[in-house]
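*Asks:* A single structure is presented below for examination.
The values are calculated or read from the model by the stated rules, or taken from the named source; none is laboratory data. Computed from a predicted structure; not experimentally measured. Ideal geometry is used to build each Cβ from the backbone, glycine not excepted, and the neighbour counts take in all protein chains shown. Ligands, DNA and RNA are excluded from the accessible area calculation, which covers all protein heavy atoms including side chains. Shrake-Rupley method; radii C 1.70, N 1.55, O 1.52, S 1.80 Å.
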Amino acid sequence: MPAQRLLAAYISISANQDILLRTLLDTLSEAITIVDTDNIVRYWNPAAEKIYEIDRSQVVGTRLDEHFASESIRLLDALTQGESVYRVYHVPRPDRHVLINAAPIRKEAEIIGAISIEQDITELVRLNDELAHTTAHLHNLQQEMSRFHPADDPFFPIKGHSSQIQSAIQSARKVAQTDATVLIDGESGVGKELFAQAIHQASRRRDQPFIAINCGAIPAALFESELFGYQGGAFTGAEKKGKPGKLELAHGGTLFLDEIGELPLELQVKLLRALQERQFYRVGGTEPITVNTRIISATNRNLEQMVAEGLFREDLYYRLNVFTLEIPPLRMRREDIPELVHIFLQEYAIAHEHPVPRITPEVMQALIDYSWPGNIRQLRNVIERLSILQEGGLIRYEQLPSAIKQQQETSYLHAPYAPSGEAAAPPLAAGVRGHSFAAQAAPAFAGFAPPAREESERERILAALERTYGNRKAAAELLGYSRGTLYNKMKKYGI
């Protein structure tokens, strides 16, 4: 009896493993192909059916080279030579472009099959080619137009057509027509000063000075004299005639206070008084100076939290925060990355006096997938590096910085799960050469976790939107919704 119970438990565990692995593979958005040692397909998931438009029933049990030319099957290298490939750009068919990961399936030292995971980048390749051609054409047109008149739109230097950046630009245009104090909130490198300059240029003060001061770059002991100026002879080393401060120099125009969260508390009091009374005293001075200066400030810190912690004055915060302009980080508008990449490639090609290099699809995909903690500033620096390292007019994957490649290597298998209610997949084909496929392949997928049963619909929608970089049509298809249903659910959940 104990032996029977043990056998029943083993069969139950094995069945559960098969179900778990089948569910994982069937819910991936990448095409999964598994072959045995005779190159006969043992598994073909729904994503493979969609990408190659071949039904599973027509593939499973047949040789893979019956459907693809032998020289185009990278899976054979893993099967015959035991070699693994990672994120290799591949064209298995003239109308299909993929990034392929392939590896042999081993039982101890014996190869019993092979598996490939293919990400469809056909649309990315097409758009990349079109964008490269269009960007080059537009750049030439802009050069021709600049001969006759400069761009008269102050927001023209801010690039991107995503809804997030266009919404920020639209808000900035509106507040530019007023004299309201603006607080620009955004991570380092998103272009806060670029927005501040555009707001100034689009305002009634455009013909007056735009003065910028970085509150975190000037020592506290010197900041007061830098901001308010000083009277002649006010301290040792001071100029005899005195010196006006940035606030005075910006009279009639705009003063941009960058990194306002770095301003020491003792100077916050003096700045608040100057803003409220519109007058101040130079260091060592006795006569008040009246100014009419618009204030635009910027921060990459959470000022509300700093107020709660006593690190930033609440009254100054509300004085600066009349209108908040939030600039989205680059990872929240990934659809702008290809456009920015080609713009920067054009710029550095001119600067370095060489033709504009081409960028391979796997490099573009890696740039889109990267999280960009340094935002546009970091992207610009990476593109400059790549434009220097390019060889033969081509930028390759191995030339990417290690941080970008490392993120790709640790995250390429993470994919959204299929929505609840999706039809159950048919059982896996027979095990490779009689072995339990689940037992052989499960270790390779140890990084996966099954979808949590309590995962809310809102979280699945957010995951799909992130996976599709905000493309609602693609997210709807991923979730199995109509576009109208997705819009209704986004409204329902406040997304």
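*Asks:* Inside the stretch 62-76, can you point out the residues that are at pLDDT 80 or above and in a loop (DSSP other than H, G, I, E, B)?
*Replies:* Residues satisfying the conditions are THR62, HIS67.
*Asks:* Of all residues in the stretch 129-170, count the ones that are among the hydroxyl-bearing types (Ser, Thr, Tyr), modelled with pLDDT of 90 or more and either open to solvent by less than 40 Å² (accessible area, probe 1.4 Å) or part of a loop (DSSP other than H, G, I, E, B) (or both).
*Replies:* Final tally of qualifying residues: 1.
*Asks:* If you check GLY229, GLY191, which single one turns out to be buried (at least 20 other Cβ atoms within 10 Å of the Cβ) and farther than 23 Å from VAL322 by Cβ?
*Replies:* On the way: GLY191 fails: farther than 23 Å from VAL322 by Cβ.
Within the list GLY229, GLY191, the selection yields GLY229.
*Asks:* Residues of the stretch 301-331 being surrounded by 18 or more Cβ atoms within 10 Å (Cβ to Cβ) and under 22 Å from GLY191 (Cβ atoms), which ones?
*Replies:* LEU303, LEU320, LEU325, ILE327, PRO328, PRO329, LEU330
*Asks:* Here is a follow-up. Please work out if ARG294 is open to solvent by 60 Å² or more (accessible area, probe 1.4 Å) and either among the polar types (S, T, N, Q) or touching a residue at least 24 places away in the same chain (Cβ under 8 Å) (or both).
*Replies:* Here the answer is no, as ARG294 does not meet what is asked.
*Asks:* Filter the stretch 343-380 down to the residues that are in a loop (DSSP other than H, G, I, E, B), open to solvent by 30 Å² or more (accessible area, probe 1.4 Å) and not acidic (Asp, Glu), then identify the one that is farthest from GLY160 (Cα to Cα).
*Replies:* HIS354
*Asks:* Going by the structure shown, is GLU108 at pLDDT below 75, over 32 Å from the mean Cα position of the chain (by Cα) and among the charged types (D, E, K, R)?
*Replies:* So GLU108 fails the test.
*Asks:* Sticking with this one: Taking the condition of being of a type in the set (Lys, Arg) and under 20 Å from ALA180 (Cα atoms), how many residues in the stretch 271-301 meet it?
*Replies:* 3
*Asks:* Looking only at residues in the stretch 43-61 that are touching a strand residue (DSSP E or B) at 6+ places or on another chain (Cβ under 6 Å) and in a loop (DSSP other than H, G, I, E, B), which one is least open to solvent (accessible area, probe 1.4 Å)?
*Replies:* ASN45
*Asks:* Here is a follow-up. Restricting the search to the stretch 90-119, which residues are open to solvent by 70 Å² or more (accessible area, probe 1.4 Å) and either touching a strand residue (DSSP E or B) at 6+ places or on another chain (Cβ under 7 Å) or within 22 Å of ASP38 (Cβ to Cβ) (or both)?
*Replies:* Those that are open to solvent by 70 Å² or more (accessible area, probe 1.4 Å) and either touching a strand residue (DSSP E or B) at 6+ places or on another chain (Cβ under 7 Å) or within 22 Å of ASP38 (Cβ to Cβ) (or both): ARG106, LYS107, GLU108, ALA109, GLU110.
*Asks:* Is it true that some residue in the stretch 369-382 is of a type outside the set (S, T, N, Q), more than 19 Å from ARG87 (Cβ to Cβ) and in contact with a strand residue (DSSP E or B) (Cβ under 9 Å, 6 or more places away or on another chain)?
*Replies:* For the stretch 369-382, residues of a type outside the set (S, T, N, Q), more than 19 Å from ARG87 (Cβ to Cβ) and in contact with a strand residue (DSSP E or B) (Cβ under 9 Å, 6 or more places away or on another chain): absent.
*Asks:* Continuing with the same structure: Taking ILE383 as the residue in question, decide whether it is open to solvent by less than 10 Å² (accessible area, probe 1.4 Å) and under 13 Å from the mean Cα position of the chain (by Cα).
*Replies:* Considered against the rule, which asks whether it is open to solvent by less than 10 Å² (accessible area, probe 1.4 Å) and under 13 Å from the mean Cα position of the chain (by Cα), ILE383 comes out as no.
*Asks:* If you check GLY82 against the conditions, is it out of contact with any helix residue (DSSP H, G or I) (no Cβ under 8 Å at 6 or more places or on another chain), of a type outside the set (Val, Ile, Thr), touching a residue at least 24 places away in the same chain (Cβ under 8 Å) and open to solvent by less than 40 Å² (accessible area, probe 1.4 Å)?
*Replies:* yes
*Asks:* Just the residues that are assigned to a loop (DSSP other than H, G, I, E, B) and out of contact with any Asp or Glu (no Cβ under 9 Å at 6 or more places or on another chain), please, taken from the stretch 171-187.
*Replies:* Hits for the stretch 171-187 are GLN177, THR178, ASP179, ALA180, THR181, GLU187.
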